[in-house]
Every structure is written in structure tokens, then in C-alpha cells.
Amino acid sequence: MSNGTRYDGLARKYRPQTFSELVGQEHVSRTLQNAIDSGRVAHAFLFTGARGVGKTSTARIMAKTLNCERGVTHEPCNVCPLCIEITKGTSTDVFEIDGASNNGVDDVRDLRDNIKYLPSHSRYRIIIIDEVHMLSTSAFNALLKTLEEPPEHVKFIFATTEPHKLPVTILSRCQRFDFKRVTLTKIIGRLRDIAGQENVTITDSSLTLIARKGDGSMRDSLTAFDQVLAFCGNTVSDDDVGTLLGTIDRRLLAEISAAIFSSDAQAVLAGIKKVDLVGYNMRQFCQELIEHFRNLLIIRSVKKPEEILDMTTAELDELCKQSLHVTALDIQRRLTLFIKADSEMAYASFPRLIVEMALLKAALLAPLVPIQELIEKIKALETAAAHTPSLPWEATKVSSAPPPSYAEPTGAAPARSPHHPTENKVSASLQGPMSGHTDWGRFVTFANEKDRQLGSVLEHGSPLKQEAGLIEIGFPAGSYFLTAAQDAEFIAEVQVLASTFAGKNTVIRVKPIEAGLADAPLSLAEKKKNDAEQHLEGLKREVESHPVIKEAERVFGCSITDVKEF
């Protein structure tokens, strides 16, 4: 300040000095006061909880209560010299130690040697170690013996945000008190009291934004309030608070969520543009949107949301109005999209696009039909189906005749000898040279039986020429099958098979087939594929024209996109 006086921040100026001033930790205050009144004060305490919820303040209040000149009472007087010394941090009998910077074994040994002496002018020597979890293992071991058998004039008060990092041997020797996160309404009430004492004009909406920024920490909320007063002076506007703290305006969240539920893509993208223009961080916006939809989901899912949600009555009423015309399932489906978008934004270089895609998906989600309505429609469909012809696939199941195969001979094969089944099949096939695609199919089947690897290559070949003593096979130019068929060993093996099949020496030639050659016959693989496609196309036409399918399309408002045969 210009006159040279030190400015104490609000967090320091309005630090609790009595148990009654300790906001949000009534369970701790009451237990400690009862212990003091009954004379059952432990030798070591452990205060755990999030940052800024009053752990160190409670330790100081406890120290003043135990050492107050007016006697050990459940509230310090705060006017005697001993209380004033502890408040200012100048007491020679109350040691406040930062565990992060005094975490070595030598520091603990010095402390242990020091507490052997009686207090200079107080009842107790009180050791307050903040962030005690930062002590080293050797420091904890050095402290352990003192905690086991402490002098009667010594009290230990440990504070930490991470109690799980403390050794079990330390935890078992302390009375533990878990400090809660301060609720939003209590933080707002405390901020309102301070605003009155500081002659600040501010709305409840702004106080709510400041309290939310604190996220359950009274100290963080007061720090944010300090920042707002430094920027705005004694008259605070809602817009200035939102801009300064970088919090998303609740009205903007409400507008975007309303646009999502009304499937208004234009309004959704306009809302994102507004978020970007104001300068909000896109990931923070996504997280606040997740929180907003989580609140809506809870409101639609439970009878008493006020017992679960940490928000003001006005905020709760506004959210109840927003959730009137949507179901819990509608909210949940969209909430899943936003959570996925948030995880994707962690490493993305285009966060706005990810948010836009998620919001558009949420806005354009197809509505779900209630299960009871589907059941009624299915019943109606079953009634209609009872008076219509059988379905195409049912007719297919009735027919037991196998589909035609390109490898089957047109004539009946002679009976096979029980001792030489293969020879019988070969002899049946040797009745004449190959003539036409059917003979080529029989030869490929024969080759498959003898050597599956050779047969699988021949299936992709086209019979360009079939004469007595000669077979010319074409393969697509540049294909793997052409390369495999041009191998000398492959040709030699096929020639042996062809000679056996035809009953005479047969030469095999392999030629490439250039793309677009119209007069080249189809390979067996191509013919099977074409026939299968034609079969499915015919089946699809038959399915689409069936009365039951037409009725299903009418009832469910859908259409056939694909037909598969299993």
C-alpha cells in the first residue's frame, strides 16, 4: 500500500481464532472441546483433510486453549499475553514446523532434545508439524520413541493432506481427526459476513462463483475473494467475477444444455463460439459441462437431490426447471459423450473441435423408444405375421437340397471300391478330356484333394485353353497368384496332376490376364463370389417385398439396409 503499511490478505485477517469461528468443522471442534472439558487430552493429534479447511488454524486454537492464562477451557480468551503470542507466532513454547523443509533426521533429533526442557512460561510445550507426511523415514523413526513415551509437558499436533503416506507406527500413536471439505453454503455465508465487515457490495451470484472457485477450501475461497476485491474495489459485478476467475457462466451452461436437448445444432455451435470468444479454457468448459449434466442426472434420479448436491437453493431450483422435460437416460447418454471428450482433450491440439463434435453428437442423438412401447409393437407385428406367408429364410430352411457345386460331375459317379476309394474317383474322372468350365471345376477339386495349397492357387486361375495334352491357365497380371503359378516347381506339380486326371501327358502353360480383358473366363473364386452376390441380392429383394417385413418397417419406422445369410 502507498502508506507503507502491510496488507493482510483476507485469509490471514479472518483466520479463525476460536473453535466457534471454525466454519464447517463442527464435529472436530465439539470433540476437542469435550476432551478439554473432561481432562482427556491426548498427547498427540493428527489432523487430516484437504488444503485450506482449517487444520493449522485448529492446531493454533488448540495450543491457545491449553496454554491460556485464564485456564484450560474449551475456548481461548485471545487477550492474554500467551494467547496473543501464539496468534502472532512468537511463543517460545509453541513450535510450528514445516515438515517439507525440516524433514531430516537431524531436525527431529534437535527437536527431541529441545522438548526435554520444561516450558518457559506456559503449561505445555506444543509441537505443530505441518505437512508431516514429508518427513523422511529416518526422521519418523527418530520421532517414534518420543511419541511412545512423551514428557507430560509436551503435546504433538500433526497436520497433513496425505495421511496414507504416514507410517502405521505413527498413525497408531495419534488421535486422528478428519477435516471435511467446507460446503458451498457455509463458504458463501462466511464470505457474506466478511463482505459486510469490509463494506463490499456484491451479489449472491458472485459469492457463489467465488465459493465454487475455492472447491471446498475456505482459504482458497478467501484468496479468490481477495483477488476479486483487488480488481473490482468495493463494488463487484457478476461479469467481472466470471471474467477474472475464469469460471463458466451458469446461464451459458443452461443455454447450451437446452440447445442440446432440443437438438438445435445451430445454437450449440453458437454457444461454443461464445465460450471461445470469452476466453474460457475449453477443457475447463467441458469439465463444468460434465458437472452440470451430473447435477441434472442426480436431480432426475433421486427424490431428495438437495441432500447430495452441494449448491444453493436458487441453483437447485433452476436445475430442476431445466430437467423437467428430459429423462435420466437422456442425460446419461450425453454425459457419457462428454466424459469421453474430456479424456480425449488431455493430449489433443484442437480441443475446440473435440468439444464441438461431442456436443453435436449429443444434440443429434436419436431418441430411445421406451421398452414397453417396443413390446407392444412386437406383439402387433407377431399378430400380423400369423396371417402372412412364411419368411424367405424359413422357406430356405425347409429345403434340404444342397446348393450346386462347380466341382461336382454332371453324371453319377460309379460305386467306389471299399479298398481303393481314391482310385475309383480318379477312374471316374478319366472318362474323357476336360471340356468346358465344369471339367475345369472337377480338375480343381481333384487338385484340392491331392494338394490343398496347389488347389487354392488354381481356384483363382481362368481356363484360357483346354485341349488334349494342353491346359492354358490365366491369372490376373501383377497378382500373388500369377507369381505363385509361374514357379517352375508349381507348374511341374500341376502337370503331374493334370496328366493323372486326363490319363495322358498334359502340358501346363501360365499366362497373365491384363485388367479389362472381357473375353477371359471367370476363375472359380470369381464365379463363386458373383453367384453369392446374386444370391444375396435376390434374397434381399425377396425380403424387402415380404408382407411381414413391410409391416415391421411401418411399425418401427425403419428400413432394410443389409441382408446376411448365416
Original post:
When the dipole is taken about the Cα centre of the range 451-566, and only Lys, Arg (+1) and Asp, Glu (-1) are charged at their Cβ, what size is it in debye, to the nearest 20?
Top reply: 120
Original post:
Using Cα atoms only, what is the angle between the long axis of helix 55-67 and the major principal axis of the chain, expressed in degrees (0 to 90) to the nearest 10?
Top reply: 30
Original post:
So, by mean Cβ neighbours within 10 angstrom, what's the order for 459-470, 132-143 with the highest one leading?
Top reply: 132-143, 459-470
Subject >> Relative contact order (%) - the chain, alpha-carbon pairs under 8 angstrom, separation at least six >> reply: 9
Original post:
Tally Lys and Arg at +1 and Asp and Glu at -1 over the other residues with C-beta under 14 Å from the C-beta of H74: what net charge comes out?
Top reply: 0
Subject >> (i) 33.0; (ii) 24.3; (iii) 25.0, with the label sought being that of the calculated Kirkwood radius over Cα pairs in Å >> reply: (i)
**OP:** Kindly put T383, T183 in sequence by how many other C-beta atoms sit within 10 Å of each C-beta, fewest to most.
**Re:** T383, T183
**OP:** Would you mind listing how long the range 10-178 runs along its three principal axes, going by Cα atoms, in whole Å with the largest first?
**Re:** 40, 34, 32
Subject >> Furthest towards positive pole of dipole, M134, A159, I290, structure part the chain, Cβ charges >> reply: A159
Original post:
Any idea which of I170, I210, V555 is furthest toward the positive side of the dipole for the chain, if Lys and Arg beta-carbons carry +1 and Asp and Glu beta-carbons -1?
Top reply: I170
Subject >> Order of D249, D113, D98 under a 10 Å beta carbon neighbour criterion, fewest first >> reply: D113, D98, D249
Original post:
What's the angle, to the nearest 10 degrees (0 to 90), between helix 137-148's Cα axis and the longest principal axis of the chain?
Top reply: 50
**OP:** Express the relative contact order of the range 10-178 as a whole percentage, based on alpha carbon pairs under 8 Å and six or more residues apart in sequence.
**Re:** 29
Original post:
What order do you get for 532-540, 62-70 when each peptide is scored by the mean count of other beta carbon atoms within 10 Å, highest first?
Top reply: 62-70, 532-540
Original post:
Given charges of +1 on the Cβ of Lys and Arg and -1 on the Cβ of Asp and Glu, with all other atoms neutral, how large is the dipole of the range 10-178 about its Cα centre, in debye to the nearest 20?
Top reply: 240
Subject >> Mean separation of Cα contacts under 8 Å (6+ apart) over length of the range 250-363, as relative contact order % >> reply: 39
Subject >> Under-5 Å amide H pairs with R176, H placed in peptide plane, nonlocal only >> reply: L46
Subject >> Residues whose placed amide H lies under 5 Å from that of L464, excluding near-sequence neighbours >> reply: E472, I473, G474
Subject >> Helix-only CD estimate at 222 nm, as mean residue ellipticity for the chain, using -39500 (n - 2.57) per DSSP H run (n ≥ 4) >> reply: -16500 deg cm²/dmol
Subject >> Cβ-placed point charges (K, R +1; D, E -1), dipole of the range 199-245 about Cα centre in debye, nearest 20 >> reply: 140
Original post:
What residue among P81, V108, L539 has its Cα farthest toward the positive end of the dipole of the chain, where the charges are +1 on Lys, Arg and -1 on Asp, Glu, each on the Cβ?
Top reply: P81
Original post:
Going by alpha carbons, how many degrees (0 to 90, nearest 10) lie between the helix axis of 351-363 and the longest principal axis of the chain?
Top reply: 70
Original post:
Once phi is turned into θ = phi - 60°, what whole-Hz ³J(HN,Hα) does the Karplus curve with 6.51, -1.76 and 1.60 give for every residue of the range 296-312, x standing for Gly and Pro?
Top reply: 4, 5, 5, 4, 7, 9, 10, 7, 10, x, 5, 7, 10, 7, 9, 7, 6
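Read-outs throughout are calculated quantities, based only on the coordinates presented, and are distinct from any laboratory measurement. A quick note: this is a predicted structure, and the numbers were derived from the prediction, not measured. Cβ: placed from backbone, ideal geometry, glycine included. Neighbour counts: every protein chain shown.
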